[in-house]
Structure formats: structure tokens, C-alpha cells
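None of the figures in this text is laboratory data; all of them are computed from the coordinates on show. A quick note: this is a predicted structure, and the numbers were derived from the prediction, not measured. Every residue, glycine among them, receives a Cβ derived from its backbone with ideal geometry; neighbour counts consider all protein chains shown.
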4 protein chains.
Amino acid sequence: MKADHKKVERYLKTARGQIDGILKMMEDDRYCIDISTQLMATIGLLKKANNEILAAHMRSCVLEAVDEENREEKIEEMVKVIDKLAQ
Amino acid sequence: MKADHKKVERYLKTARGQIDGILKMMEDDRYCIDISTQLMATIGLLKKANNEILAAHMRSCVLEAVDEENREEKIEEMVKVIDKLAQ
Amino acid sequence: MKADHKKVERYLKTARGQIDGILKMMEDDRYCIDISTQLMATIGLLKKANNEILAAHMRSCVLEAVDEENREEKIEEMVKVIDKLAQ
Amino acid sequence: MKADHKKVERYLKTARGQIDGILKMMEDDRYCIDISTQLMATIGLLKKANNEILAAHMRSCVLEAVDEENREEKIEEMVKVIDKLAQ
């Protein structure tokens, strides 16, 4: 993976810690909206991690794809990713 | 929290396990798109958990808000949540 | 519809004008990314209009639903809308 | 623009017609949720048009970018688009 491993790792480990926190909030029967708000923050964090990965992928794997055939393959992969993101 | 605790817990614990899996994929320097695809699946799972929480909240806290003032407060909370979701 | 008609109308008429503009950009064979950027701005505008409508609906139809049965119906409608928004 | 002009045009003209329909629904003071549902369908249509444009752009402009510098520029443009889509 081409993205900044440290940065992505930090996002993911923070998100994992937040999920543990949400599980604790559920145990404490905290208010629905407080839990939903935390969950949406965690979703936002994972989206950031995903953006880092896709941006680095575009700037390396897609940009440096050696030959036509390899580049076409990479382009098609990204077309599928973009389609999913745009839903 | 009014949602089905077991169901939401299952989503969250699965998502947490997936994040561990993604961290492992990064260690193994797996391909960017494979990691991104897994991350988007995890985001989808957390969205499902959030939907369960919001639906149960609407069907209990908002529906059963005892008096006018309490109901207005709950409605305003949901207007903010809807605004965030619709971005 | 409970939302501020003037405000929602303005959003919608602006969006319609933008679509005309995009069709003209296509005729002029303008660059893909310029057209996509304009299209995403129009999507953003329609999302704003939708938010206005849903917020006003929550603050009137849902808040003032006269009896239990009517309120339940309104709540279920919003649960479906929230589910779609959260995809 | 590299996308299938006919196809994108059809999406855009349909969306424009739907906006006219929504304006009429507002005049007839139709129910909020009915208007919102139609609006979300129109947003979905514009997203489809955008996907067509981005997919064709990736498969032509990005794929065939002649030299390193030109390709880098195209990649950076797409990184920005992907970031916006992923919000």
C-alpha cells in the first residue's frame, strides 16, 4: 500500500478505539443521539483513511503504471471505486 | 439506547475485527484497492449500525416524547442528524 | 409542503438553470472535470432543497401529528428517508 | 467531454423535467415526503450523469495523458474529485 502507513494506521487505531468507546456507551445505556454522533465521527475517520489510500494509489500505482495494458487495468479498478463512492 | 443492543453490538464488533484485519493487510503491504475495498465495507457496516440506532430512536424517544417541549427538542436533534447524513 | 416555498423554489430554479448551463458546456465540448464540478455543485444545491423540506416536515407534520396512529405513520416515513440518506 | 453525450444529455434533460415536476408539486402543495422522494430520485439521476462523465474521463483523458507532466496534472484533478465524492 502506497499511502503514509503511519497516518492511515493512526486513523484506523483511533477508529477502533472509538468503537470500543461506543460499545461502552451502549453498556452504560447512553442516549441514542450521543451514540449516533460518535458513530458518524468514526465513519468520517474511516473515510479519511480511505481517501489517503486512494489518493496515494492514484499518485503512484495509476500514475506509474508501466504499460498501456497495466494502466487500463488500474483505470478500470478506479472507475469501480468512484462508482461506489458516488452512490 | 433503544436499538437492538445485540444487533448493533454485532455490527460494531465485526467492524472492529475488520479494522484489525485491515491493519494486518497494511503490515503485509497488500494492494491499495484491496485495502480500500475492505475499508468501504467496514464503513457500510457502521452505517448500518447507525441506521439501527436512528430508526429505534425515532420509533421510541421521538414517538413517545411526552410533551410538546420534549418533542420539539427531539425533533431538533433529528433535524441536525438528517442534515449531517444528507451531506 | 411546509418548507419555505420561496427558498426551495429558488434552489430548484437555480439548479434547473445550472443544468441548462451544463447542457451548453457539453455542446461546447468543455473539459470533463469542469462539467463534473458544475454537476456536483448542482447536486449539492438539490440536497440543500431536500434538507429544507425534511427539516420543515419534521418541525410541522411530525411534531404536530395529532394522534398516536398518525404519529407512528409519520415516524415510519422518516425512518425510510433516513435509511436512504445514510446509504 | 468524452462521455456518451446522448446518454448524459438524456439524464440531464430528464432531471430538468423532474425539477419542473417538483415545482408543480409545490404549487399544488403536495405532501413533503412525496416531494422529497422525487427530489432524491433527481439527485440520483444527476449522480449517474456524473459517474458517466468521470468514468469516460478516466478511460480517455487520464489513460491517454501523453506525458508524465500531463498525467500528473490529470491524476491530481481526480484526487480532488474523489475527495469530494467521498465526503
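General observations
- Surface/4 of the Cα convex hull for the protein assembly as shown, nm²: 18.5
- Closest approach of a chain C beta carbon to the axis mapping chain C onto chain B (residue, whole Å): C:Leu85, 2.
- In plain terms, if you count all Cα to Cα distances in the range B:5-85 and split them into 5 Å steps from zero, the share in each step is 3, 13, 18, 15, 14, 12, 9, 7, 5, 3, 1, 0 percent.
- Equivalent-ellipsoid semi-axes of the range C:1-44, from the Cα gyration tensor, Å, largest first: 26, 10, 5
- Chain C, relative contact order [Cα under 8 Å, separation at least 6], %: 39
- Relative to the Cα centre, the charge distribution of the protein assembly as shown, modelled as +1 at Lys and Arg Cβ and -1 at Asp and Glu Cβ, gives a dipole magnitude of about 0 debye.
- CD proxy at 222 nm, helix term only [per DSSP H run n ≥ 4: -39500 (n - 2.57); per residue of chain A; nearest 500]: -27000 deg cm²/dmol
- Partner lysines for C:Lys24 [C-alpha distance under 19 Å; skip if fewer than 8 residues away on the same chain]: C:Lys13, D:Lys2, D:Lys6, D:Lys7, D:Lys13, D:Lys47, D:Lys48
- In this assembly of identical copies, the label point of A:Tyr31 (Cα plus 7 Å along Cα-to-Cβ) is separated from its counterparts by 3.1, 4.8, 4.9 nm, sorted shortest first.
- Which of C:Asp67, A:Asp20 has the fewest Cβ neighbours within 10 Å, and the rest in rising order: C:Asp67, A:Asp20
- Ascending distances from the A:Glu69 label point to its copies in the other chains, with the point 7 Å along the Cα-to-beta-carbon line: 3.2, 6.9, 7.4 nm.
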